Structure formats: C-alpha cells, structure tokens
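The structure's right below; bear with me while I get my questions together.
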Amino acid sequence: MSRSTDDLPAPGASQDLLLPGAAGDVEVILAAPRTAARGYAVICHPHPLFGGAMSNKVTYTLASIALKAGFYALRFNFRGVGKSAGAHDEGVGETEDTLLMVDWLRQRMPAASPLLLAGFSFGGYVSVRAAERARPNLQISVAPPFGGRFAYAERPQRPDCPWLVIHSRDDDVVAYDETAAALEAYDPPPELVTVDGAGHFFNGRLGDLQSAAGAFIERHLDQP
C-alpha cells in the first residue's frame, strides 16, 4: 500500500475531521508536531455517559505531550459524543473505533513509524483493549478502571510494549488501591507512577502528568 502524508495537517497545524466509522461519522481533531514527525498517537477520552469528550483536559494534555515528543496526535469523540454518530457501546464499539483511527493514521505514516496509544479513565480501558490488535510501540494509561466498582468484567490483555500507568492515590472516581492490585496481576506489571493529591482529574497537577509521560516516551522511543 502506498503511503502519503499529503492529507495530514502541516507542521504545527491541526484539522477537524469527520471520518466514517461503523456507527457513522467519527469526530476527530488531528494535530501535527512542529518538527519532523517521529510517530503518531491516538488518545481516548473518559466515559461519555459522565461528560467525557475529546476536549477533556487530561485527554488534551496527553495529546500535547505526544505533540511535544514529535508525534501526530489524534483525539476523537466516542460514539454519541459531539458530532460522532451512534450510541455508547460499553467499550466494544469504542474499541473498534479506536482501531479505525489507528488504521487511518497508519496508512498515512511511513512504514514502521511508532504508535503511541493513550487514554484517560474509560479511555484508558478502551485503549488497552485496542492494543491487542493495534500493537502499539508505547502505551500510556491515566487512571484506568481495572479494579473496583468501575472495572469491566473483561480484563484486557497486557499490551506487548512498554506501558506506563499514572494514577493519583486519592482518586475519588477510580480507586487507586484496587486498580494497583489489578495491575500487579499483569506479567510483567506496567510501570506505575503514583501521584498524591491530584484526584481523578489532576486539577492543578497536569504538570505531574506531563513530566511522567514525557520522560516515559523519551526513555523508550528510540529503543528497539
């Protein structure tokens, strides 16, 4: 398959797109790094039934981290959010749409370009669920619901790549202790960065998120 970046935004620019999905249009914001691209990232937002959207500040911050690292950064609204068609599908359809976003970008990137999959809360669950087929080079999850009352019955397989989880110890939505215990069941467990006093939404603490995720990307990006 021939690959072309002709329909991607110019360096430093962004595009608002509607891409066809299984449930109808998917609303997308795609941003390009200011320098030569080192890879591409797809970022998933928190639970749509609790106000989650691609405009969420943690999701936006993850996209900004990817851009700063030299990645194209794609955020999109899950089904039923904004201009995205369809209805919430408990993570199943959302996983398929995540894979569609990955494939759309992959077809436009040079072969072997590294993929970063990232997500916050429900989006952390969805992006890890998508990793089995997307086969990312790096995975970042912020407060993923893998334990406690927000956990899903199906525990996703471990991504076959370096995996960073960032979670606040006082998270009042996704319990830290239960998620940490669930993560320990993976072999090997992901790298876990614990933040104190940031709550679920990292209010006033997005800098901690930027430092941990940025260092993780730089540490692993150029490794085989």
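The values are calculated or read from the model by the stated rules, or taken from the named source; none is laboratory data. If you're wondering where the values come from, they're calculated on a predicted model, not measured in any experiment. Methodologically, a virtual Cβ is constructed for each residue, glycine included, from the backbone with ideal geometry; neighbour enumeration extends over all protein chains shown. Side chains are part of the model used for accessible areas, which takes the heavy atoms of the whole protein and leaves out ligands, DNA and RNA. Shrake-Rupley method; radii C 1.70, N 1.55, O 1.52, S 1.80 Å.
Give the Rg/Rh ratio for the stretch 40-103, taking Rg as the radius of gyration of the Cα atoms and Rh as the Kirkwood radius, to two decimals. Don't jump to the answer; show the numbers that get you there.
Details: Rg = 11.6 Å, Rh = 11.9 Å.
Across the stretch 40-103, the Cα-based Rg/Rh ratio is 0.97.
Taking H as built 1.01 Å from N, whose amide H comes closer than 5 Å to the amide H of Val165, not counting residues under 5 places away?
Here Ser141, Glu191, Leu192, Val193 satisfy the definition.
Around Asp177, with a cut-off of 13 angstrom between Cβ atoms, what is the net charge of the other residues, counting Lys and Arg +1 and Asp and Glu -1? Display every interim value, and only then the final one.
Details: positive: Arg149, Arg169; negative: Asp170, Asp171, Asp172, Glu178, Glu184.
Around Asp177, the surrounding residues sum to -3.
Now for a separate question. Of the accessible area of the chain, with the probe set at 1.4 angstrom, what percent is carbon plus sulfur? Intermediate values should be presented prior to the final figure.
Values: 4830 of 9830 Å².
Using a 1.4 Å probe with all protein chains present, the chain comes out at 49 percent carbon and sulfur.
Just for the chain, what percent of DSSP beta bridges are antiparallel, to the closest 5?
Working: 12 of 36 bridges.
Roughly 35 percent of the beta bridges in the chain run antiparallel, per DSSP.
Would you mind finding the longest exposed-site-free stretch of the chain, with exposed GluC sites (Glu not before Pro) meaning DSSP loop and at most 16 other Cβ atoms within 10 Å? Write out the running numbers ahead of the final one.
Numbers: sites that count: Glu90, Glu154, Glu184.
Within the chain, the longest run free of exposed GluC sites (Glu not before Pro) spans 1-89.
Then there is this: Could you tell me which of rounded, prolate or oblate describes the stretch 156-224, using a ≥ b ≥ c as the square roots of the eigenvalues of the alpha-carbon gyration tensor, with rounded for a/c under 1.5 and, failing that, prolate when a/b is larger than b/c and oblate otherwise? Mind dumping the intermediate values first?
Working: a/c = 2.96, a/b = 1.20, b/c = 2.46.
Judged from the Cα gyration tensor, the stretch 156-224 comes out oblate (a/c at least 1.5, b/c at or above a/b).
For every other residue with a beta carbon closer than 14 angstrom to the beta carbon of Glu90, add +1 if it is Lys or Arg and -1 if Asp or Glu, then tell me the sum.
-3
Please give the net charge around Ala131, taking every other residue with its beta carbon less than 12 angstrom from that of Ala131, where Lys and Arg add +1 and Asp and Glu add -1.
On the way: positive: Arg129, Arg133, Arg135, Arg158; negative: Glu132, Asp160.
Result for the neighbourhood of Ala131: +2.
Counting Lys and Arg as +1 and Asp and Glu as -1, each charge on the Cβ, what is the dipole of the stretch 56-166 about the Cα centre in debye, to the nearest 20? Don't jump to the answer; show the numbers that get you there.
On the way: 13 positive and 9 negative charges, 68 e Å.
Dipole size: approximately 320 debye.
What list of ³J(HN,Hα) couplings, whole Hz, do you get for the stretch 96-104 from phi and the Karplus terms 6.51, -1.76, 1.60, once you set θ to phi - 60° and write x for glycine and proline?
Once θ is set to phi - 60°, the couplings for the stretch 96-104 become 4, 5, 4, 5, 4, 5, 4, 5, 4 Hz.
Then there is this: How large is the accessible surface per residue of the stretch 22-135, computed with a 1.4 Å probe and reported in Å² as a whole number?
Working: 4070 Å² over 114 residues.
For the stretch 22-135, the solvent-accessible area averages 36 Å² per residue.
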